[in-house]
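See below for the structure under consideration.
The values are calculated or read from the model by the stated rules, or taken from the named source; none is laboratory data. Here the structure is a predicted model, which is why all the values come from computation and not from measurement. So basically every Cβ, Gly included, is an ideal-geometry build from the backbone, and we count neighbours across all protein chains shown. Surface accessibility is based on the protein's heavy atoms, side chains included, excluding ligands, DNA and RNA. Shrake-Rupley method; radii C 1.70, N 1.55, O 1.52, S 1.80 Å.
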Amino acid sequence: MNGTIIAINRISGMHAARIEDGSVTVFEMTDSHEAAAGDVITGELQTLGSETLTNKTQLESFEVYIQDAFCSDSRWRKLLNL
C-alpha cells in the first residue's frame with residue numbers, strides 16, 4: 001500500500017501519512033532515516049506495530065512503529081501534537 005507523508009513532528013519522531021483510501025496512518029520513526037513531507041512511502045501501512053517501510057521518493061527502507069491507522073484528521077493531529 002502507498003501513502004504520502006503529510007506531516008512530521010521532528011521532536012517526537014512521529015509522522016502522518018495519507019494512504020490510498022484517504023485515511024491517515026501515524027508512525028514513529030525508529031531508525032535514523034530522514035523522511036520529508038511529500039515523500040511517497042510503501043509497505044504495510046495499516047498494520048499496527050513494528051514494520052519496515054520503503055521511501056519510494058528517496059529509494060530507502062526504514063524501520064517504524066505504527067501507532068495508529070485509519071485516523072481522522074483530529075486524531076492524527078493530536079498524535080503528532082499539532
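Residue by residue through the stretch 55-62, what is 3J(HN,Hα) from phi via Karplus (6.51 cos²θ - 1.76 cosθ + 1.60, θ = phi - 60°)? Round to whole Hz and write x for glycine and proline.
So the J values, rounded to whole Hz, are 8, 5, 6, 9, 6, 9, 9, 8.
Heavy atoms only, 1.4 Å probe, whole protein assembly: order Arg77, Arg18 by accessible area, highest first.
Arg77, Arg18
If you take Kirkwood radius over Cα pairs in Å from the coordinates, which of (i) 12.9; (ii) 12.1; (iii) 15.8 do you get?
It is the value labelled (ii).
In whole percent, and with a 1.4 Å probe on the protein chains, what portion of the accessible area of the chain is carbon and sulfur?
49
For the chain, what does the accessible surface come to per residue with a 1.4 Å probe? Please give it in Å². Please report the intermediate quantities before stating the final value.
Working: 4320 Å² over 82 residues.
Here the residues of the chain average 53 Å² of exposed surface.
Please sort by residue number the chymotrypsin sites (Phe, Trp or Tyr not before Pro) in the chain whose DSSP state is loop and whose Cβ has at most 14 other Cβ atoms within 10 Å. Spell out each step's value before the answer.
Values: sites: Phe27, Phe62, Tyr65, Phe70, Trp76; in loops: none.
Those that pass, being in a loop and sparsely packed, number zero.
Add -39500 (n - 2.57) for each DSSP H run of 4 or more in the chain, then divide by its residues: what number comes out at 222 nm, to the nearest 500 deg cm²/dmol?
Taken over the chain, the calculation gives -2000 deg cm²/dmol.
In nm, to one decimal, how far is the modelled label at Ser74 from the one at Thr4, with both set 7 Å along Cα→Cβ?
Between Ser74 and Thr4, the simple spin-label model gives 2.5 nm.
Please list, ordered by chain and number, the residues whose modelled amide H lies under 5 Å from the amide H of Glu60; skip anything fewer than 5 residues away on the same chain.
Amide H neighbours of Glu60, under 5 Å, 5+ apart: Asn55.
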